[in-house]
Ligand SMILES: [Zn+2]
Ligand SMILES: [Zn+2]
């Protein structure tokens, strides 16, 4: 390994490690706060869809639960996504502390804005600080994904009842970057029982009580699944 030299082009081990760390931090903050164009999920020449940033996806969990303006959401007393709400608040406070740590404060006071502000400061922030913070930002990426796409889900055929969406297929990538496709709609589970349904395209969600009402417009098999007679 070459000796460290005082130059941005230095190729010593310490400098290589530090630049890898900055790339990891940039990846995590980018996923948290930036939307991504996905030209890879459509045929050549078609308009590429935009995938929301992870923070926006988390926020969608909030606006799609009680108080949201989605179809089937007109009745009061529907469950509120408490987990998403708590995650959003603690991520917001953490990123806000991080940006203040670096002597900045970004307006408006949103987690997205704070993450972008740190991203801008990234080339010059202290490496030791970054070493402490990066694992936490990476953890948030994982945690939001795990919440937005729950572990156990059963694909179910049908078009998303949200009139602004209406998709029946969903496209994404696996860890190897290979394109995967599945139904847009999935049933979510809680302790061995269907707890609700969500759309992987627009992140709308419906609780168990609403599913029977939707069954006849969506999928006749849904009633059977809810009754435990089919899977
Ligand atoms: Zn060096
Ligand atoms: Zn949808």
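The values are calculated or read from the model by the stated rules, or taken from the named source; none is laboratory data. If you're wondering where the values come from, they're calculated on a predicted model, not measured in any experiment. Here Cβ is always computed from backbone atoms with ideal geometry, including for glycine, and neighbour counts include all displayed protein chains.
Return the only residue of 185, 218 being within 14 Å of ligand 2 (Cβ to nearest atom), at pLDDT below 80 and buried (at least 16 other Cβ atoms within 10 Å of the Cβ).
Values: 185 fails: at pLDDT below 80.
Testing whether each residue is within 14 Å of ligand 2 (Cβ to nearest atom), at pLDDT below 80 and buried (at least 16 other Cβ atoms within 10 Å of the Cβ) leaves just 218.
Give 209, 166, 196 a once-over and let me know the one that is farther than 30 Å from residue 91 by Cα and either outside any loop (DSSP other than H, G, I, E, B) or at pLDDT below 85 (or both).
Working: 166 fails: either outside any loop (DSSP other than H, G, I, E, B) or at pLDDT below 85 (or both); 196 fails: farther than 30 Å from residue 91 by Cα.
Answer to the check: 209.
Determine which member of the set 47, 57 is within 27 Å of residue 119 (Cβ to Cβ) and either at pLDDT below 75 or not in a helix (DSSP H, G or I) (or both). Break it down stepwise before answering.
Details: 57 fails: either at pLDDT below 75 or not in a helix (DSSP H, G or I) (or both).
The conditions single out 47.
Against the condition surrounded by 15 or more Cβ atoms within 10 Å (Cβ to Cβ), modelled with pLDDT under 90 and farther than 16 Å from residue 34 by Cα, how does residue 130 come out, does it pass? If you could, list the steps in order and put the result at the bottom.
Working: surrounded by 15 or more Cβ atoms within 10 Å (Cβ to Cβ): yes; modelled with pLDDT under 90: no; farther than 16 Å from residue 34 by Cα: yes.
Against the criterion (surrounded by 15 or more Cβ atoms within 10 Å (Cβ to Cβ), modelled with pLDDT under 90 and farther than 16 Å from residue 34 by Cα), residue 130 does not qualify.
Does the stretch 95-104 contain at least one residue that is at pLDDT 75 or above, more than 23 Å from residue 138 (Cβ to Cβ) and exposed (fewer than 15 other Cβ atoms within 10 Å of the Cβ)?
We begin by selecting, within the stretch 95-104, every residue at pLDDT 75 or above; these are 95-104.
Filter once more, so that each one left must be more than 23 Å from residue 138 (Cβ to Cβ): 103.
Filter once more, so that each one left must be exposed (fewer than 15 other Cβ atoms within 10 Å of the Cβ): 103.
Scanning the stretch 95-104 turns up at least one residue that is at pLDDT 75 or above, more than 23 Å from residue 138 (Cβ to Cβ) and exposed (fewer than 15 other Cβ atoms within 10 Å of the Cβ).
Just a yes or no: is a residue in the stretch 140-155 closer than 30 Å to residue 15 by Cα and over 16 Å from the mean Cα position of the chain (by Cα)?
The answer is no, given that none of the residues of the stretch 140-155 is closer than 30 Å to residue 15 by Cα and over 16 Å from the mean Cα position of the chain (by Cα).
Which members of the stretch 1-35 meet the condition of being in contact with a helix residue (DSSP H, G or I) (Cβ under 6 Å, 6 or more places away or on another chain), over 25 Å from residue 55 (Cα atoms) and in a helix (DSSP H, G or I)?
The answer is 18, and nothing else.
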